[in-house]
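Enquirer: Got a structure here, written out as structure tokens. Questions coming.
The values are calculated or read from the model by the stated rules, or taken from the named source; none is laboratory data. Model, not experiment: these values are computed from the prediction. Cβ atoms come from the backbone with ideal geometry, glycine included; neighbour counts cover every protein chain shown.
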Amino acid sequence: MPENDAPTFHIGSIPVFGQLILAPMDGISDPPFRWITRRLGSALSISEFINTLDYANQKHYQVSRINFRAGERPFGVQLLDNDPVRMAECAAAIYAEYQPDFFDVNLGCCTASVTSRGAGAGMMRIPEKVAQAFRELGKAVPVPLTAKLRLGWDEDNLNYREIAEIAVANGARMIALHGRTAKMAYSGKARWQPMAELKACLPVPVIGNGDVATTAQARQLLEQTGCDAAMVGRAAKANPFLFSWQDREDITPAEFYGLMRYQLEEMRPFHPISPLLPFRKFLKAYLEPYGLPTAQLRAMLTAKEESRLITLIDQVFSAQGVKDLPGAASDFRNRML
Ligand SMILES: Cc1cc2nc3c(=O)[nH]c(=O)nc-3n(C[C@H](O)[C@H](O)[C@H](O)COP(=O)(O)O)c2cc1C
């Protein structure tokens, strides 16, 4: 979808350009992947969730999630907890150190250990907690707040509208809705109609999320719901070029080769022991369309040395007809400047 010079929408006073957004994903949307998708066209970035309980206990691994480059703005830090005061204290500390552009409240995580303590989607079951969290955060930081929620706990508790209205009444300046209940987790089909409902009734931008894997689906979601943007999660892991409005089949092997070399290199500083383990999730998804023999794929997924993995990747892409591997790598690197 073409972008023009006018902002697509605003988060408070922050202009946002573009209608596709990378979804925050624990273990996926790390700083390198966020940067790649942002350079390819994602309209803004949101960190993987920061568990403010862990942050309060000085779990410093959380800090690498907040790392962002100036060019990634607007950048939001996502907070996950069940304690509004602790969330606010954490937000204030993060703001003092990193100055993100906004804070997002995670009301969608459906992991039992999270929801059982009333955090993530568990907080949607306690509307007063949601109000309190936004009130406390609003006092603690001078930047806009946003919320990412689900349809509700289960089919008998579809309270997305109530929760979205509470969040907005207490300061949220953008709402992202994942069209599933917590009970559904990631199964079944995401429902888009509730996104249209929120868009029609809320005075802030509404972002639709769930089951967008192609440019056609992104256009459908935008058309059917009127949402300001579509948020893409799992499909981004297989095709980050989606943020340039390009489907997987439109991308050449040379482009995927360049992407893989760049991403692996950029992941190194964030995974000092080895980037290979976290990179495997991407590797598998990126190579899937080539239908590689199981043994060849397994060799890559079990490679212990980065140099060995690169040799194997080179073999795959040479066989896919990429004649100038260094050229393909530098073309992609230049795109990321
Ligand atoms: C591996 C994984 C990790 C996720 N981590 C987060 C997270 O940290 N914060 C969040 O709000 N949602 C998280 N989500 C949910 C996604 O942001 C998104 O709402 C969901 O995947 C639905 O979108 P999709 O159908 O495009 O994948 C995660 C999803 C996955 C698959």
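Enquirer: Against the definition (farther than 19 Å from Gly12 by Cα and of a type in the set (S, T, N, Q)), how does Asn106 come out, yes or no? So that I can check it myself, show each step before the final result.
Expert: Working: farther than 19 Å from Gly12 by Cα: no; of a type in the set (S, T, N, Q): yes.
It is false that Asn106 is farther than 19 Å from Gly12 by Cα and of a type in the set (S, T, N, Q).
Enquirer: Then there's this: Residues that are closer than 30 Å to Gln99 by Cβ, touching a residue at least 24 places away in the same chain (Cβ under 8 Å), crowded, with 24+ Cβ neighbours inside 10 Å and out of contact with any Leu (no Cβ under 9 Å at 6 or more places or on another chain): does region 136-149 have at least one?
Expert: yes
Enquirer: Could you check how many residues of region 100-117 are in a loop (DSSP other than H, G, I, E, B), within 16 Å of the ligand (Cβ to nearest atom) and among the small types (Gly, Ala, Ser)?
Expert: Within region 100-117, residues that are in a loop (DSSP other than H, G, I, E, B), within 16 Å of the ligand (Cβ to nearest atom) and among the small types (Gly, Ala, Ser) number 1.
Enquirer: Further question on the same structure: Can you confirm whether region 286-303 contains a residue that is closer than 30 Å to Leu44 by Cα, free of Cβ contacts under 8 Å to residues at least 40 places away in the same chain and touching a helix residue (DSSP H, G or I) at 6+ places or on another chain (Cβ under 9 Å)? Give the steps one after another, and end with the answer.
Expert: To start, the set of residues in region 286-303 that are closer than 30 Å to Leu44 by Cα comprises 286-289.
Narrowing further to those that are free of Cβ contacts under 8 Å to residues at least 40 places away in the same chain: 287.
Filter once more, keeping what is touching a helix residue (DSSP H, G or I) at 6+ places or on another chain (Cβ under 9 Å): 287.
Yes: one or more hits.
Enquirer: Going by what's in this entry, would Ile251 be described as surrounded by fewer than 21 Cβ atoms within 10 Å (Cβ to Cβ) and of a type in the set (Val, Ile, Thr)? Walk me through it before giving the result.
Expert: Working: surrounded by fewer than 21 Cβ atoms within 10 Å (Cβ to Cβ): yes; of a type in the set (Val, Ile, Thr): yes.
In short, yes.
Enquirer: For region 233-242, which residues satisfy the criterion of being touching a residue at least 40 places away in the same chain (Cβ under 8 Å), part of a helix (DSSP H, G or I) and within 15 Å of the ligand (Cβ to nearest atom)?
Expert: Arg234, Ala236, Lys237, Ala238, Pro240, Leu242
Enquirer: Which one of Arg150, Arg191, Arg180 is touching a helix residue (DSSP H, G or I) at 6+ places or on another chain (Cβ under 8 Å), of a type in the set (Lys, Arg) and within 22 Å of Ala235 (Cα to Cα)?
Expert: Numbers: Arg191 fails: touching a helix residue (DSSP H, G or I) at 6+ places or on another chain (Cβ under 8 Å); Arg180 fails: touching a helix residue (DSSP H, G or I) at 6+ places or on another chain (Cβ under 8 Å).
When all the criteria are applied, what remains is Arg150.
Enquirer: For Gly12, work out the one condition from (1) touching a strand residue (DSSP E or B) at 6+ places or on another chain (Cβ under 8 Å); (2) at negative phi it doesn't fulfil.
Expert: Evaluating Gly12 over (1) touching a strand residue (DSSP E or B) at 6+ places or on another chain (Cβ under 8 Å); (2) at negative phi leaves (2) as the failure.
Enquirer: Considering Pro31, Pro84, which residue is assigned by TED's automatic domain parsing to the domain that holds Val204 and more than 16 Å from the ligand (Cβ to nearest atom)?
Expert: Values: Pro31 fails: more than 16 Å from the ligand (Cβ to nearest atom).
Unique residue meeting the criteria: Pro84.
Enquirer: Let me ask you something else. Could you go through region 100-119 and let me know if any residue there is over 25 Å from Ala164 (Cα atoms) and surrounded by fewer than 23 Cβ atoms within 10 Å (Cβ to Cβ).
Expert: Restricting attention to region 100-119, the residues satisfying the condition of being over 25 Å from Ala164 (Cα atoms) are none.
No - not one qualifying residue is present in region 100-119.
Enquirer: While we're on this one: What are the residues in region 42-59 that are crowded, with 21+ Cβ neighbours inside 10 Å and either part of a helix (DSSP H, G or I) or away from the ligand (no atom under 11 Å from the Cβ) (or both), if any?
Expert: Applying the first criterion (crowded, with 21+ Cβ neighbours inside 10 Å) to region 42-59 yields 42-52, 55.
Result: Ser42, Ala43, Leu44, Ser45, Thr52, Tyr55.
Enquirer: Here's another thing I want to ask about it. Look at Arg261 and say whether it is farther than 26 Å from Thr214 by Cβ, of a type outside the set (Gly, Ala, Ser) and modelled with pLDDT of 95 or more. I'd like the intermediate steps shown before the answer.
Expert: On the way: farther than 26 Å from Thr214 by Cβ: no; of a type outside the set (Gly, Ala, Ser): yes; modelled with pLDDT of 95 or more: yes.
No.
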